[in-house]
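Written below as structure tokens is the structure these notes are about.
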Amino acid sequence: MSIFRADLDALAAARLLRHLTPLEDGARPWLTHEGRRYLNVSSSNYLGLADHPAVVTAAIESLRREGFGGGGSCLVTGHHPAHAALEQALAAHLKMPASLVFAAGYQTNVGVLSALAGPADIIFADALNHASLIDGCRLSRAAVRVYRHADPDHLASLLAAAPRTGRRLIVTDGVFSMDGDVAPLPALLELAARYEALLVVDDAHGFGVLGREGGGLPEHVGRAGAVPVLIGTLSKAAGLQGGYVASDPDTIHYLVNKARGFVFATGLVAPIARAAVAALTVIRQEPERRMRLWQKARRLRETLTALGYTLAPTPYPEIPIVAILVGAAEAAVAFAAALRDHGIWATAIRPPSVPPGTSRIRLTVMATQDDRDWTDALGVFEALAPRYHSWRAAALAAQPTPVASPSGPES
Ligand SMILES: Cc1ncc(COP(=O)(O)O)c(C=O)c1O
């Protein structure tokens, strides 16, 4: 028996044990599990680009012509013209001077943060930052001061109290992956300027989704090009895989030399880089996808609220992440199972992805979903509302004041 058996048993007893489940079509509006079809309300393929013909064709043509990879890290033999083309296209799309592509979003956050800060520095981090940002902060060995979620006043007080030696970084998600709310970007930019801190924003869930042209949260709030270090991933709205950081040319050149997740890892395979360039074109040239997404997300929020569901609040109801707060992990699992019985594939999100006492059902919307399918799904939510209300009431009675945990979400 493995030395980890007792830990697995403890997770199971706390209803926190997870299992891998093989799914077909996990990025499509309907997925298949063990021969049964489910409405997919859990995918981050927000714009439906994972199987867009232009994106798929770009990858196939590249694969035929160029094969898979560069056979080494980008500083050895791996820096392919496809990377250079993607880096240029990303920088232009984000209205930033330069960018650098990594093999994954997780790797980008860990690589960038551990390069930008060191033991003599201080990182000011939002309490609900994504796990990959938290891990990057830890790996940097900088002192970390956690500010209350999206609270610029608390951040200001921590900045004012901190010593003025070393570098200061403010690190936050752009759109928060488990709540669907956002960082207060204008206030953070102002504080960064006032306290000479470097603002680092991971806009993994804003990229392609927010902004008239899909430039993400900065464009949505009228500050495109203003975030000095803007990180994102190609695994969500672009429907692919990989991560990027956009910044000024010196910072990018510094990261080429210092970000270990870049220096010591094989780069993204060329067909994905070519597909990402095609995805960027679709993101810009098919704004109707974004409009459909926003309209569906607003409708979902409005209907669930009218049915009495408690949703994580957001200033932008067009964000396609809708978190139904349940409370106890066990109740969230029961809710997900009930949805599954009705043909809806929603995942129960539990600690450590979210703070204890705030387990939830996290719904995501895709532009390519049929409105009639959502009408049927909302009928299921209406039927399940009484059960939800009793789970929620029990959770509130047991845990009246949920507290924030710094362990961070994971997807
Ligand atoms: C906010 C955020 N940052 C980074 C990542 C990691 O990106 P990737 O899946 O591309 O590694 C994720 C999710 O996967 C995320 O939600």
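The values are calculated or read from the model by the stated rules, or taken from the named source; none is laboratory data. Please read these numbers as outputs of a predicted model, since none were measured by experiment. Using ideal geometry, Cβ is built from the backbone for each residue, glycine included, and neighbour counts are taken over all protein chains shown.
Side notes on the structure shown:
- Just one of the listed residues (180, 242) is closer than 28 Å to residue 365 by Cα, in contact with a Pro (Cβ under 8 Å, 6 or more places away or on another chain) and either of a type outside the set (Asp, Glu) or within 16 Å of the ligand (Cβ to nearest atom) (or both), namely 180.
- Residue check for residue 91: in the same structural domain as residue 271 (by TED's automatic domain parsing), in a helix (DSSP H, G or I) and out of contact with any strand residue (DSSP E or B) (no Cβ under 9 Å at 6 or more places or on another chain): no
- Cβ pairs under 8 Å, 6+ apart, first in segment 1-21 and polar (S, T, N, Q), second assigned to a helix (DSSP H, G or I) and surrounded by fewer than 11 Cβ atoms within 10 Å (Cβ to Cβ): none
- Residues that are surrounded by fewer than 21 Cβ atoms within 10 Å (Cβ to Cβ) and within 16 Å of the ligand (Cβ to nearest atom), drawn from segment 208-227: none
- Test: residue 109 is surrounded by 12 or more Cβ atoms within 10 Å (Cβ to Cβ), out of contact with any Asp or Glu (no Cβ under 8 Å at 6 or more places or on another chain) and not in a strand (DSSP E or B): no
- Out of 368, 347, sole residue that is within 30 Å of residue 57 (Cα to Cα), out of contact with any Cys (no Cβ under 8 Å at 6 or more places or on another chain) and not assigned by TED's automatic domain parsing to the domain that holds residue 130: 368
- Taking the conditions (1) within 12 Å of the ligand (Cβ to nearest atom); (2) part of a loop (DSSP other than H, G, I, E, B); (3) within 20 Å of residue 278 (Cβ to Cβ) in turn, residue 205 satisfies each one other than (3).
- Each residue in segment 264-295 was checked for being in contact (Cβ under 8 Å) with a residue 40 or more places away in the chain and within 25 Å of residue 65 (Cβ to Cβ), and 20 pass.
- Boolean, residue 64 is of a type in the set (Lys, Arg), over 26 Å from the mean Cα position of the chain (by Cα), surrounded by fewer than 19 Cβ atoms within 10 Å (Cβ to Cβ) and not assigned by TED's automatic domain parsing to the domain that holds residue 344: yes
- Test result for residue 4, more than 23 Å from residue 203 (Cα to Cα) and of a type in the set (Phe, Trp, Tyr): yes
- With respect to the conditions (1) of a type outside the set (Val, Ile, Thr); (2) surrounded by fewer than 23 Cβ atoms within 10 Å (Cβ to Cβ); (3) within 29 Å of residue 351 (Cβ to Cβ), residue 198 falls short on a single one, namely (3).
- Being surrounded by 20 or more Cβ atoms within 10 Å (Cβ to Cβ) and in the same structural domain as residue 362 (by TED's automatic domain parsing) holds for only one residue in 300, 230, and it is 300.
- Of the residues making up segment 1-32, those that are farther than 24 Å from residue 359 by Cα and surrounded by fewer than 16 Cβ atoms within 10 Å (Cβ to Cβ) number 7.
- Candidates 150, 127 - the one that is surrounded by 17 or more Cβ atoms within 10 Å (Cβ to Cβ) and without any contact (Cβ under 8 Å) to a residue 40 or more places away in the chain: 150
To keep it simple, each residue is scored yes or no on (1) outside the structural domain of residue 363 (by TED's automatic domain parsing); (2) on the phi < 0 side of the Ramachandran plot; (3) within 16 Å of the ligand (Cβ to nearest atom).
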position	(1), (2), (3)
127	yes, yes, yes
136	yes, yes, yes
140	yes, yes, no
149	yes, yes, yes
166	yes, no, no
171	yes, yes, yes
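- Qualifying residues in segment 183-193 (those that are in a helix (DSSP H, G or I) and not aliphatic (A, V, I, L, M)) - the one nearest to the ligand (Cβ to nearest atom): 186
- Selected residue (criterion: nearest to the ligand (Cβ to nearest atom)) from residues of segment 33-62 that are of a type in the set (Ser, Thr, Tyr) and touching a Leu at 6+ places or on another chain (Cβ under 7 Å): 46
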